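Just below is one structure, and these are the notes that go with it.
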Amino acid sequence: MGQWLSRNIVEPGKLPLLLALAAFVLTFLVTRVITRLIRAGKGPFRNISPGGMHVHHVVPGVVLTVIGGFGAVASGRHGFGAMAAAVLFGTGAGLVLDEFALVLHLDDVYWTEQGRKSVELVVLTAALVGLVLAGFLPFGVNELTPEELHDRGLVVVNVLINFLIALFALAKGKPRIALIGAVVPFVALFGAVRLARPGSPWARRFYRNRPRARRRARVRAYRHDARWEAVRNRIHDLLAGAPDR
C-alpha cells in the first residue's frame with residue numbers, strides 16, 4: 001500500500017488532491033450531521049444568526065474555497081503550503097456544494113425535495129475526483145514499463161467509455177443511474193439502452209414524431225416510479241434527512 005501511495009499519489013503530485021477529497025467528504029458528512037442535530041434541537045449546535053440574519057454555511061464555504069483555490073495556485077503541487085491549501089479548498093467546496101440547491105434556486109430549500117440535488121452533486125463530485133485520483137494515468141509517474149503503460153491505457157479507455165455511457169443515460173432523463181454509472185462500470189448501460197423518460201432531452205429530440213414511443217415511455221416511467229419511488233425516498237432520507245412535508 002505504501003509503495004502504491006508513493007508511486008501513484010505522492011510522485012505524480014496528487015497528494016494535495018487526496019487531501020482535498022478527504023476534506024471535502026469529511027466536511028460534507030460532518031455538516032450533514034450538525035444540521036440534522038440543529039433541526040432536531042439536539043446537541044450544542046445552533047444556527048448562526050447575527051442581528052437576526054441567518055448565515056448559511058455556503059458563505060464561509062465560499063471564503064474557504066477562494067482562499068484555498070488561490071493558495072493552491074500559488075503553492076504548486078508539493079510542500080506544506082500546497083497541502084494546507086488543498087484542505088482549505090476541500091473544506092470550502094464541501095460547505096458550498098452541501099448547499100448547492102440553495103444557490104441554484106436562490107431559496108432556502110435545504111430540507112425540501114429540491115434540496116436533495118445537493119447530495120446528488122456531492123456524491124457525483126466525490127466519485128469523479130476519486131476516479132481522477134485513483135486513475136492509472138501515466139503522467140508524472142517515472143519509469144513505467146510497457147506493461148504498465150498498456151494496463152493504465154486500458155483503464156483510461158474503460159473509464160472514458162463508461163463516462164460516455166453515463167452521459168447517454170443522463171440525456172435520457174435518468175440522472176441517478178447516470179450518477180451510479182459514472183463510478184460503477186456498465187451500470188449506466190441499462191439507462192442508456194432503454195426508453196428515455198418523458199420530457200428528457202432525448203425524448204424531446206427523438207420521440208417528437210413517434211407517438212408510440214412517447215406513449216411507451218410514459219407508461220414505463222409511471223410503472224418504474226410506482227415501484228421504486230418509496231425505496232428511493234428512504235435512501236435519500238437516510239443520506240440527506242427527510243424533507244419538510
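Output the helices (runs of 4 or more DSSP H) that fall wholly within segment 157-245 and possess 1 or more residues being open to solvent by 90 Å² or more (accessible area, probe 1.4 Å) and out of contact with any helix residue (DSSP H, G or I) (no Cβ under 8 Å at 6 or more places or on another chain), or say none.
Fully inside segment 157-245 and qualifying: 188-193, 201-206, 211-240.
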Checklist entry - So, of the residues in segment 81-109 that are in contact with a Gly (Cβ under 7 Å, 6 or more places away or on another chain) and β-branched (V, I, T), which turns out to be farthest from L15 (Cα to Cα)? => result V109
Next on the checklist: With the structure loaded, tell me whether L19 is surrounded by 14 or more Cβ atoms within 10 Å (Cβ to Cβ), at pLDDT 95 or above, under 20 Å from the mean Cα position of the chain (by Cα) and hydrophobic (A, V, I, L, M, F, W, C) or whether it fails that test.
Outcome noted: no
Checklist outcome for this item: Scanning segment 94-116 residue by residue, those open to solvent by less than 20 Å² (accessible area, probe 1.4 Å) and in contact (Cβ under 8 Å) with a residue 12 or more places away in the chain turn out to be G94, D98, E99, A101, G115, R116
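Conditions (1) modelled with pLDDT under 90; (2) surrounded by fewer than 16 Cβ atoms within 10 Å (Cβ to Cβ); (3) part of a helix (DSSP H, G or I), marked per residue:
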{"residue": "N8", "(1), (2), (3)": "yes, no, yes"}
{"residue": "G13", "(1), (2), (3)": "yes, yes, no"}
{"residue": "F24", "(1), (2), (3)": "no, no, yes"}
{"residue": "T27", "(1), (2), (3)": "no, no, yes"}
{"residue": "I34", "(1), (2), (3)": "no, yes, yes"}
{"residue": "P44", "(1), (2), (3)": "yes, yes, no"}
{"residue": "I48", "(1), (2), (3)": "yes, yes, no"}
{"residue": "G51", "(1), (2), (3)": "yes, yes, yes"}
Checklist entry - Would segment 67-81 turn up any residue that is under 20 Å from the mean Cα position of the chain (by Cα), over 22 Å from L238 (Cα atoms) and surrounded by fewer than 19 Cβ atoms within 10 Å (Cβ to Cβ)? => result yes
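The values are calculated or read from the model by the stated rules, or taken from the named source; none is laboratory data. All of these numbers come straight from a predicted model, not from anything done at the bench. FYI the Cβ positions are ideal-geometry reconstructions off the backbone, even for glycines, and counts take in every protein chain you see. For the accessible areas, the whole protein counts, side chains as well, though only heavy atoms, and no ligand, DNA or RNA atoms are used. Shrake-Rupley method; radii C 1.70, N 1.55, O 1.52, S 1.80 Å.
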